[in-house]
Amino acid sequence: MSDEEEIRDLFNNWIKSTTEGNLELARQCIADDAVFLVPGVGEMDKQTFAQGAAGGSPKDSPMVFDLESKLREIKVLGDQAYIWVESILICSPKNGDPSTRMAGHSLSVLEKRKNRWQIIRDANTMTVVSE
């Protein structure tokens, strides 16, 4: 499998972990020393970000999450790479309250460690947008 295919698999697992609330799969995608930069929150480590991103089982959540993410670019530079992702997230409360729509981009730096690609840095610009 090529590096680009492995990175696409990592991306698909990342999206799957987020939409299914699979914290263990989210952790596998992230290096132990990863740093995430999130608007309004600042710097987050692996554990904090993984818990927020995979947030728990969807059936137990008071929200329904509809995530659409598109890989805009992959660039492999030896044992490091970056991906540019465009996302739209709709958070709909199960109690019928109005939904919140978020949109933006993320730029993730990846590193191949022990023959496996992992996220080592991520800058996310997703913010609330009007419908």
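Taking the criterion of being free of Cβ contacts under 8 Å to residues at least 40 places away in the same chain and of a type in the set (S, T, N, Q), the residues of the range 100-131 that qualify are 100, 106, 108, 115, 130. Do you know which of the residues in the range 1-57 that are acidic (Asp, Glu) and either touching a Cys at 6+ places or on another chain (Cβ under 9 Å) or assigned to a helix (DSSP H, G or I) (or both) is farthest from residue 72 (Cα to Cα)? The qualifying residue farthest from residue 72 (Cα to Cα) is 24. Taking the range 56-79 as the range and being under 18 Å from the mean Cα position of the chain (by Cα) and either closer than 22 Å to residue 5 by Cα or at pLDDT 95 or above (or both) as the test, the residues that pass are 67, 68, 69, 70, 71, 72, 73, 74, 75. Quick one: which of 124, 95 is modelled with pLDDT under 95, of a type in the set (S, T, N, Q), under 21 Å from residue 65 (Cα atoms) and buried (at least 17 other Cβ atoms within 10 Å of the Cβ)? Residue meeting the stated conditions: 124. Hey, can you tell me all the residues within the range 1-36 that are surrounded by 21 or more Cβ atoms within 10 Å (Cβ to Cβ) and among the polar types (S, T, N, Q)? The answer is 17, 18. What about residue 92, is it more than 24 Å from residue 5 (Cβ to Cβ) and assigned to a strand (DSSP E or B)? Criteria met by residue 92. Take the conditions (1) within 14 Å of residue 11 (Cα to Cα); (2) assigned to a strand (DSSP E or B); residue 104 misses just one of them, which is (1).
The values are calculated or read from the model by the stated rules, or taken from the named source; none is laboratory data. Quantities reported herein were computed from a predicted structural model and do not represent experimental measurements. In this analysis, Cβ positions are derived from the backbone assuming ideal geometry, glycine residues included, and neighbour counts consider all displayed protein chains.
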